[in-house]
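Below is one structure, written out as structure tokens; comments come after it.
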Amino acid sequence: MRKGKKLYEGKAKIIYATTDKNLVIQYFKDDATAFNNQKKSVIEGKGVLNNRISEHILSNLSQIGIKNHLVKRLNMREQVVKLVEIIPIEFIVRNVASGSITKRLSIEDGTILKEPLIEYCLKDDKLGDPLISEEHIYAFEWAEKDEIKKIKKMILRINDFMVGMFRGVNIRLIDFKLEFGRLKSDGKSEVILADEISPDTCRLWDSVTDKKLDKDRFRKGLGDLIPAYSEVARRLGILHEQTNVSVVNITKLSSVKSKRK
Ligand code: TMP
Ligand code: ASP
């Protein structure tokens, strides 16, 4: 399988075709954006960490039966993933109120929600990813009722698993964003989990100190994003205890590991 032409470039990732028509390569960039591209920067090493963390989470989800697009990690910045038709909806899952919901509904930051709350946003940068209702999804045929029913079931299992996984390493999973895609074969279509799950797409707070270990460090200008993402990777057992958090070392570690594979 060889890498082909660029098919799509998003804010944090690039998708390349491959010689296998069913597979594409997902490349993790170091670009960081927030507030729909209004704030931008390049944070060296972020792509390497997100590649590793997302690989770890998606492989674990596969093991509990959550079908997803990950085939394998190729190297420090790339994964081979199944080609899917992305459903144009960002599924936001909240366990604790933080971020946009606190402003939109004047809810205090850190309010624990009785049950996980699922919100839908239309994936459209030009419109600023507006919040939509389930009825909008059917009215404009962005997805079918049966697809949303299956996605909601998957979301609750993913959330249960991820809350437990992070709790085990003293991290609170505050909220996160998921994307799903349609895997087409033999004229049939199946919804599977796609995109990435990483500190770019989750809010992760240290259980003891409430320290932010996610992209809010960039959104809020708190700094030290790489040490925070490295801390998440280290706690999940992806980077080892003695690993220095410097980008140089992360980069070296990743290339050594991928050569070993
Ligand atoms: P929000 O509070 O800005 O609505 O974000 C909720 C969660 O979704 C948070 O963990 C960040 C994540 N998210 C993305 O991954 N991409 C996005 O474009 C947005 C708006 C949020
Ligand atoms: N990913 C979105 C952006 O680039 C929003 C965010 O994560 O805050 O602007």
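Some points to look at:
- Annotation note: of S98, S106, the sole residue that is part of a loop (DSSP other than H, G, I, E, B) and under 19 Å from the mean Cα position of the chain (by Cα) is S98.
- Looking only at region 87-128, and only at residues there that are of a type in the set (V, I, T) and either without any contact (Cβ under 8 Å) to a residue 12 or more places away in the chain or within 15 Å of ligand 2 (Cβ to nearest atom) (or both), the one that is nearest to A194 (Cα to Cα): I89
- Pairs are defined by a Cβ separation below 7 Å, a sequence spacing of at least 6 or placement on different chains, a first member in region 137-158 that is under 20 Å from L122 (Cβ atoms), and a second member that is open to solvent by 70 Å² or more (accessible area, probe 1.4 Å); the pairs so defined are Y138/K145.
The values are calculated or read from the model by the stated rules, or taken from the named source; none is laboratory data. Treat the numbers as computed from the prediction; the structure is a model and nothing was measured. A quick note on method: Cβ atoms are made from the backbone with ideal geometry, for glycine too, and the neighbour counts reach across all protein chains shown. Heavy atoms of the whole protein, side chains included, go into the accessibility calculation; ligands, DNA and RNA do not. Shrake-Rupley method; radii C 1.70, N 1.55, O 1.52, S 1.80 Å.
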